[in-house]
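**Student:** Here it is, the structure, as structure tokens.
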Amino acid sequence: MRLPSPRKLDDRVLGDRLRGPRSRDDTDTRGVDHRPHGEQGAGRRQALSIVYKVARVVFLLLALIVVLGIVFTLTPSNPDNALVRNALSLAETAAGPFADLFTVGGDPERALAINYSVAAVLYLLAGTLVTRLPGGRR
């Protein structure tokens, strides 16, 4: 397979690779694209939509992990269980920046629940805001 020259790797060419080949009627002899504006960025919009969906899923998974950490901390769970141990470790990592946001005197479990709840809400909010960006789900 022959690679295109670097100057041909612009958004139009990359977008065409996602959509498939275009007809010869869409360009003139100088390579100017005469397709309607809505068709020119379809590949770019599709790729951006995929990125937004992946980002939303990542934020939702982070929120779920943090909520699991809250549940396993507040309920009588077995800390020697691999699932509990891994969930608490992941939750600690995901909510790390929020770990000491609020302090509750004498009750570390309550402080953890409050701080992790803030982290979970912010992750859910970030996941929702991703869909509101241009090219996100409408």
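The values are calculated or read from the model by the stated rules, or taken from the named source; none is laboratory data. Please read these numbers as outputs of a predicted model, since none were measured by experiment. FYI the Cβ positions are ideal-geometry reconstructions off the backbone, even for glycines, and counts take in every protein chain you see.
**Student:** If you scan segment 94-117, which residues turn out to be closer than 9 Å to residue 66 by Cα and polar (S, T, N, Q)?
**Tutor:** Narrowing segment 94-117 to residues closer than 9 Å to residue 66 by Cα: 94-95, 116-117.
Within segment 94-117, just 117 meets the criteria.
**Student:** Determine which member of the set 131, 93 is in contact with a Phe, Trp or Tyr (Cβ under 9 Å, 6 or more places away or on another chain) and assigned to a helix (DSSP H, G or I).
**Tutor:** On the way: 93 fails: in contact with a Phe, Trp or Tyr (Cβ under 9 Å, 6 or more places away or on another chain).
After ruling out the rest, the residue left standing is 131.
**Student:** For residues that are modelled with pLDDT under 90 and among the polar types (S, T, N, Q), scanning just segment 116-138, find the one that is nearest to residue 54 (Cα to Cα).
**Tutor:** 131
**Student:** Please state which of the following conditions residue 73 fails to meet, knowing it meets all the rest: (1) of a type in the set (Ser, Thr, Tyr); (2) modelled with pLDDT of 90 or more; (3) crowded, with 16+ Cβ neighbours inside 10 Å.
**Tutor:** (2) is the only condition that residue 73 fails.
**Student:** Identify the residue in segment 99-120 that is free of Cβ contacts under 8 Å to residues at least 24 places away in the same chain and part of a helix (DSSP H, G or I) and, among all such residues, is surrounded by the most Cβ atoms within 10 Å (Cβ to Cβ). Full working, then the answer.
**Tutor:** Step one: of segment 99-120, the residues free of Cβ contacts under 8 Å to residues at least 24 places away in the same chain are 99-108, 110-111, 114-115, 118.
Subset that is part of a helix (DSSP H, G or I): 108, 110-111, 114-115, 118.
Numbers: 108: 11, 110: 14, 111: 17, 114: 16, 115: 21, 118: 16.
Result: 115.
**Student:** For segment 40-65, what are the residues that are among the β-branched types (Val, Ile, Thr), under 16 Å from residue 133 (Cα atoms) and more than 8 Å from the chain's Cα centre (by Cα)?
**Tutor:** Residue satisfying the conditions is 50 alone.
**Student:** Is it true that residue 32 is at pLDDT 55 or above and within 25 Å of the chain's Cα centre (by Cα)? I'd like the intermediate steps shown before the answer.
**Tutor:** Numbers: at pLDDT 55 or above: yes; within 25 Å of the chain's Cα centre (by Cα): no.
Criteria not met by residue 32.
**Student:** Cβ contacts < 9 Å: first residue in the same structural domain as residue 122 (by TED's automatic domain parsing), restricted to segment 63-76; second residue of a type in the set (S, T, N, Q) and assigned to a helix (DSSP H, G or I), any location; separation 6+ or different chain. Result?
**Tutor:** Partner pairs satisfying both residue conditions: 65/93; 66/117; 67/117; 69/89; 70/117.
**Student:** Any residue that is under 26 Å from residue 132 (Cβ atoms) and at pLDDT below 65 - is there at least one of those in segment 77-96? Please lay out each step first, then the result.
**Tutor:** Looking only at segment 77-96, we keep the residues that are under 26 Å from residue 132 (Cβ atoms), and these are 94-95.
Going one step further and asking which of them are at pLDDT below 65, we end up with none.
The answer is no, given that none of the residues of segment 77-96 is under 26 Å from residue 132 (Cβ atoms) and at pLDDT below 65.
**Student:** Then there's this: Check segment 35-53 and report whether any residue there is at pLDDT 90 or above, of a type in the set (Val, Ile, Thr) and assigned to a helix (DSSP H, G or I).
**Tutor:** First, the residues of segment 35-53 that are at pLDDT 90 or above: none.
No.
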